[in-house]
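All remarks here apply to the structure that follows.
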Amino acid sequence: MRKQQMIWTAAVVAFLVLAGGGVAYALHTRTAGTSAAAATPSAAPSAPVSPAPADPLLPDTGPKVTGPLDLLLLGVDTRVSIPDWQPHSDAIMLLHLERGLDRGYLYSLPRDLRVDIPAFPKSGFKGGRYKITEAMSRGAKVPGSNRADVRQGYELLTKTISAYTGVKTFQAGAILTFGGLEKLTDALGGVTITVDEKVTSIHRRPDGSPRTLQRGGGGYVGPQAVYKPGTQNLVGWQAIDFARQRYGVQGGDYGRGRHQRQLVRALLTKALSTGVTTNPAKLSSVLTALGDSLVYVGGKTPLEYASALSNLKPEQLTLVGLPGDSVGSGGHYLGEQLLPEGKGFLKAIAADQAGPYLAKHPKLVNP
């Protein structure tokens, strides 16, 4: 394979793993000189940001990326560029890569997980026990204004996740909207997913149009899209709609997390099987599909991570489901908690011993 094709291959492999479910990056190739800053809020970042190089084929510089790596993707349901939007992290997925960077583990934390969120002077937050999804919004607040600093929220969320999981550092991460993930899926020509249970949409009609919010609230009305068990070829809106549902899904939010991880693997598989990895024109279309739906945070350039992950294949990406249960007080729902088996997996991740732990707890592995 020619050197240029090898670079494109590395870029797409990393992009689909990371943008789909572990960490995303903004590798803009629209015009020379375009940088990742075009996809970020105007506020100065509070976490280190590495813009993509103007020419994505430039050779890597500096120390090489080494494992193990821990990467983070936050899924949100609106545009991160809205100035006064207070962001909540509706999907929290983490990707752990072993020391050799040739095997990865993709797992999720429930959005309603009850955790201790540390004090965060930058936003004036004094700390307390809340749902983990709230860490983003509480950290994003800018004192004295209605403006939200998404990167600031990301900083508090990573501190919260680190304290809970024992993972000391996340080398890179991203905030990606569901709309951006839909565009990414369409840019690849859709994906093939084996639906493991009947899923009925709360949000979409069979033709893809939004269902109508019932007057006075209380849910939606109108025909519903249905995803039946079996192998399905899904376009962007279908793939995202399927992965968003939790009502009527086995395991509720835990089942939704399982479907989101399945979508990640389907995206990577599609990219590799359709020649996107060796076609610069196709790759450019995929990368530019995200637009301003992505914010990237990382210590190294996207290309450096891409090169480092060039040996990671779909079959080497293990999907892991962490079992949990609800937490309540006085008959009131407070959130979720992980069961001991799930907490044990987090300890194994922090020690880079995920493989041996899963060998002893095979039920945690999702198909």
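The values are calculated or read from the model by the stated rules, or taken from the named source; none is laboratory data. The structure displayed is predicted, hence computed values, not measured ones. Please note: Cβ atoms are built from the backbone with ideal geometry, for glycine as well, and neighbour counts cover all protein chains shown.
Of the residues in the stretch 250-258, not one is at pLDDT 95 or above and part of a loop (DSSP other than H, G, I, E, B). Taking the stretch 83-155 and the strands (runs of 3 or more DSSP E) fully enclosed by it, the elements with 2 or more residues that are of a type in the set (A, V, I, L, M) and closer than 30 Å to residue 311 by Cβ are at 91-97, 104-109. Taking the stretch 310-337 as the range and being of a type in the set (Gly, Ala, Ser), modelled with pLDDT of 80 or more and more than 30 Å from residue 149 (Cβ to Cβ) as the test, the residues that pass are 321, 324, 326, 328, 329, 330, 331.
Here is a yes/no grid of residues against (1) crowded, with 17+ Cβ neighbours inside 10 Å; (2) modelled with pLDDT of 95 or more; (3) over 18 Å from residue 271 (Cα atoms); (4) of a type in the set (Gly, Ala, Ser):
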{"site": "191", "(1), (2), (3), (4)": "yes, no, no, no"}
{"site": "206", "(1), (2), (3), (4)": "no, yes, yes, no"}
{"site": "221", "(1), (2), (3), (4)": "no, no, yes, no"}
{"site": "225", "(1), (2), (3), (4)": "yes, yes, yes, yes"}
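With respect to residue 307, is the statement that it is under 24 Å from residue 134 (Cβ atoms), modelled with pLDDT under 95 and out of contact with any strand residue (DSSP E or B) (no Cβ under 8 Å at 6 or more places or on another chain) true? For residue 307, the condition - under 24 Å from residue 134 (Cβ atoms), modelled with pLDDT under 95 and out of contact with any strand residue (DSSP E or B) (no Cβ under 8 Å at 6 or more places or on another chain) - is not met. Candidates in the stretch 235-272 are the residues that are among the hydroxyl-bearing types (Ser, Thr, Tyr) and farther than 18 Å from residue 225 by Cβ; of these, the one that is farthest from the chain's Cα centre (by Cα) is 269. From the list 179, 189, the lone residue that is out of contact with any His (no Cβ under 9 Å at 6 or more places or on another chain) and part of a loop (DSSP other than H, G, I, E, B) is 189.
Considering every residue within the stretch 114-137, establish whether at least one is acidic (Asp, Glu), closer than 28 Å to residue 367 by Cα, touching a strand residue (DSSP E or B) at 6+ places or on another chain (Cβ under 7 Å) and surrounded by fewer than 23 Cβ atoms within 10 Å (Cβ to Cβ). Taking every residue of the stretch 114-137 in turn, none turns out to be acidic (Asp, Glu), closer than 28 Å to residue 367 by Cα, touching a strand residue (DSSP E or B) at 6+ places or on another chain (Cβ under 7 Å) and surrounded by fewer than 23 Cβ atoms within 10 Å (Cβ to Cβ).
The single residue among 212, 231 that is loosely packed, with under 13 Cβ neighbours inside 10 Å and over 20 Å from residue 259 (Cβ atoms) turns out to be 212. Among all residues of the stretch 233-250, there is none that is touching a helix residue (DSSP H, G or I) at 6+ places or on another chain (Cβ under 7 Å) and among the hydroxyl-bearing types (Ser, Thr, Tyr). Would you confirm whether any residue within the stretch 206-227 is within 19 Å of residue 190 (Cα to Cα) and in contact (Cβ under 8 Å) with a residue 60 or more places away in the chain? Taking every residue of the stretch 206-227 in turn, none turns out to be within 19 Å of residue 190 (Cα to Cα) and in contact (Cβ under 8 Å) with a residue 60 or more places away in the chain.
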